[in-house]
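Below is one structure, written out as structure tokens; comments come after it.
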Amino acid sequence: MSDPVPASGTVHWVGAGLSTGSGLAALCERAGRVRLWHRTAERAAGALTALGLTGRAEPRAYTLRALTAELAPGDVVVSMLPAPEHGPLLAACVDRRAHFACSSYVSDAVLEQVPAARRAGITVLTEAGLDPGIDHLFAHALVARARAAIGPAAPASYRLTSYCGGVPAVPNDFRYRFSWAPLGVLNALRSPARYVEDGVETVAGRPWEATRRHLVDGETFEVYPNRDSVPFIEQYGLPAAWKPETFVRGTLRLDGWLRAWAPVFEELTAGDDDRIAALARELADAYPTTDADRDRVVLAVSLDVEAHGGPAWSGSLLLDLVGDEEESAMARCVSRTLALGVRHILDGTLPPGLNRAAETAERSARWLDELAAEGVAFTLREDG
């Protein structure tokens with residue numbers, strides 16, 4: 001492995017979609033130089049104006065070739081682009097010895113380049129947003145508290161649930177507000193989900209068919225599993241002596257969502273890729289995201305552990321945030337967390353190679369304290 005590449009102080013923020021918010025402003029205060037790359041320089045300049053950042057960041061027209069031409073060793077590239085575009089971006093970073101950060105899950109295209117990134121001495125930060133991101137921080141923090149209370153070697157059983165969702169602050173008939181591309185939302189629903197229920201690994205081919213009611217702070221929501229929860233048992237550091245009765249990471253929706261989306265589910269069941277793409281466009285037109293409405297982000301992570309013949313412990317962390325005139329709740333949570341990770345690349349505290357937002361309980365505690373100080377508030381409850 002090469003020596004770690006010192007951060008140059010220059011940040012390239014690529015993309016200015018719905019999740020770009022005050023995190024970009026925070027980086028303008030900390031980084032030596034910030035460039036915002038968008039479809040055209042005019043759109044980039046318009047996004048900076050909307051964020052109150054005119055003159056504090058440089059607008060650029062994005063193409064991979066144009067970005068690569070401006071990369072210098074130690075620069076940080078922040079990708080707000082769709083996950084399939086991360087691979088080529090990271091390849092450019094490896095070639096130019098620039099660091100890379102995104103809020104998305106680790107894709108195969110990113111993972112296969114991690115050895116080269118480590119050899120080049122650059123940091124690759126992933127899963128540093130809301131979900132994934134803050135949810136990982138919550139889980140690590142709860143597991144650490146449970147380990148201290150129960151003991152990692154004590155035989156025990158546990159239930160861990162992690163549900164996150166962006167919903168309308170004022171419920172509408174559709175029981176939803178798009179906070180990312182509608183096609184991405186629909187395709188996520190078409191992907192099977194693997195999780196643990198009643199101590200057994202379970203697969204839901206159509207995740208919405210596993211929807212159930214879930215109480216959060218006295219309010220009823222609907223939740224369903226998504227993606228593959230099982231690998232996170234190891235990632236969250238749950239002791240091998242503890243056996244999962246329930247382990248599920250999933251999506252949270254307003255009560256009544258399952259009924260309101262029944263026609264969508266019919267299309268998802270019968271439609272091909274072309275029809276689903278057309279449906280996504282229809283839903284975007286029918287339920288546009290406007291500056292007048294407000295979103296709400298709810299992230300609820302809970303862990304209950306019962307030692308065999310011994311003590312019990314339970315804890316939960318809840319984030320419940322409503323957007324305002326300045327930015328959406330989703331943009332605040334995603335961009336603030338990502339910007340925090342970038343700042344730790346800039347200060348040299350993240351090592352070369354692959355990093356996720358939460359790798360250890362100590363990092364999780366530190367990042368949660370920093371996020372709380374920046375207006376991403378949450379509530380901890382603990383019993384036992």
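Computed quantities for the displayed model
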item: Test for residue 112: is it over 23 Å from the mean Cα position of the chain (by Cα), acidic (Asp, Glu) and either surrounded by 15 or more Cβ atoms within 10 Å (Cβ to Cβ) or under 27 Å from residue 185 (Cα atoms) (or both); result: no
item: Wholly enclosed helices (runs of 4 or more DSSP H) of the stretch 241-353 bearing at least 1 residues surrounded by fewer than 17 Cβ atoms within 10 Å (Cβ to Cβ); result: 257-260, 262-270, 273-286
item: Listing of helices (runs of 4 or more DSSP H) fully contained in the stretch 28-144 that carry 2 or more residues being of a type in the set (Gly, Ala, Ser); result: 41-50, 64-70, 86-96, 114-120
item: Test: residue in the stretch 155-163 that is open to solvent by 60 Å² or more (accessible area, probe 1.4 Å) and outside any strand (DSSP E or B); result: yes
item: Test: residue in the stretch 43-64 that is without any contact (Cβ under 8 Å) to a residue 24 or more places away in the chain and within 27 Å of residue 112 (Cα to Cα); result: yes
item: Single residue of the stretch 24-34 satisfying the filter (over 21 Å from residue 71 (Cβ atoms) and within 21 Å of the chain's Cα centre (by Cα)) that is most open to solvent (accessible area, probe 1.4 Å); result: 25
item: Selected residue (criterion: most open to solvent (accessible area, probe 1.4 Å)) from residues of the stretch 35-83 that are among the β-branched types (Val, Ile, Thr) and under 23 Å from residue 352 (Cβ atoms); result: 68
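The values are calculated or read from the model by the stated rules, or taken from the named source; none is laboratory data. Predicted, not measured: the structure shown is a model, and the values here were computed from it. Counting neighbours? That spans all protein chains shown, and the Cβs are built from the backbone with ideal geometry, glycine included. Areas reflect the complete protein model, heavy atoms only, side chains present, ligands, DNA and RNA absent. Shrake-Rupley method; radii C 1.70, N 1.55, O 1.52, S 1.80 Å.
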